[in-house]
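Beneath this line is the structure, given in structure tokens, with notes to follow.
Rule-based calculations on the coordinates, nothing more; no lab input. Note that the structure is predicted; figures quoted are calculated from it, not measured. Virtual Cβ from ideal backbone geometry, glycine too; neighbours counted across all protein chains shown.
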Amino acid sequence: MLERHIFIIGMTGSGKSSLGRRVANQLRIPYVDTDQRITEAAGCTVGEVFEKYGEQAFRNAETNVLIQLTREQPAIVSTGGGMIMRDINRHIMRNHGVIFLVDRPLEDILGDIKLDRRPMLREKGLGEVEKLYHERIDTYRAVADEVLDNSHGYYAGVYAMEKLIRTRFHV
């Protein structure tokens with residue numbers, strides 16, 4: 001069992017949710033997707049939250065989810081791509097867990113990303129993905145306790161994340 005949360009950060013389309021969910025299931029560790037928590041509470045999709053309430057409300061909801069998680073049993077937690085950009089969120093994650101960066105090459109992200117499921121990117125397109133990547137990647141790498149290379153496909157990513165968790169937490 002985990003002693004602290006594992007917060008998975010990374011760019012939209014890097015594989016945070018798909019890898020986190022799969023590895024948590026394989027290791028029988030609780031799993032939380034922060035976007036899913038927000039959409040369940042709001043009763044609508046992430047895109048609808050952005051449209052109805054704006055980005056600031058969404059970012060506040062992300063912080064509230066992190067605060068709630070500090071009172072719950074440790075889990076693997078997939079975060080939204082922009083969550084780590086807020087100082088308070090970095091502080092909460094640092095104090096209540098370890099931070100894993102799922103690092104995937106921009107070219108792979110651009111090749112796979114589904115804009116219809118990404119509210120911040122739908123209107124602006126792939127150019128916005130590239131811009132956000134370059135704005136965020138240094139922060140991601142600076143705050144990460146561990147970096148997971150997700151450039152070799154889904155199953156290699158699952159294996160690498162599971163191995164990292166087993167090694168670091170003796171699970």
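Each Lys and Arg contributes +1 and each Asp and Glu -1, all at the Cβ; summed about the Cα centre of region 4-144, the dipole is approximately 480 debye. Note on the chain: with a GNM built from Cα contacts shorter than 10 Å, the maximum mean-square fluctuation among Ala61, Ala142, Ala156 falls on Ala142. The length gained on full extension between Arg28 and Glu3, counted as 0.36 nm times the residue separation minus their Cα-Cα distance, comes to 7.6 nm. Using a Gaussian network model of the chain in which every pair of alpha carbons under 10 angstrom is joined by a spring, one finds that among Phe100, Phe58, Phe50 the greatest mean-square fluctuation is at Phe50.
Two-decimal Rg/Rh of the chain from alpha-carbon positions, Kirkwood Rh?
Details: Rg = 15.1 Å, Rh = 16.1 Å.
That ratio equals 0.94.
Among the trypsin sites (Lys or Arg not before Pro) in region 18-83, those located in a DSSP loop and surrounded by at most 13 other Cβ atoms within 10 Å of their own Cβ are Arg28, Arg71. Springs between Cα atoms under 10 Å define the GNM used for the chain, and in it the highest mean-square fluctuation of Gly20, Gly125, Gly157 occurs at Gly125. Let me confirm the definition first: pairs of Lys residues in the chain, 8 or more apart or on different chains, C-alpha distance under 23 Å. How many are there? Value for the chain: 8.
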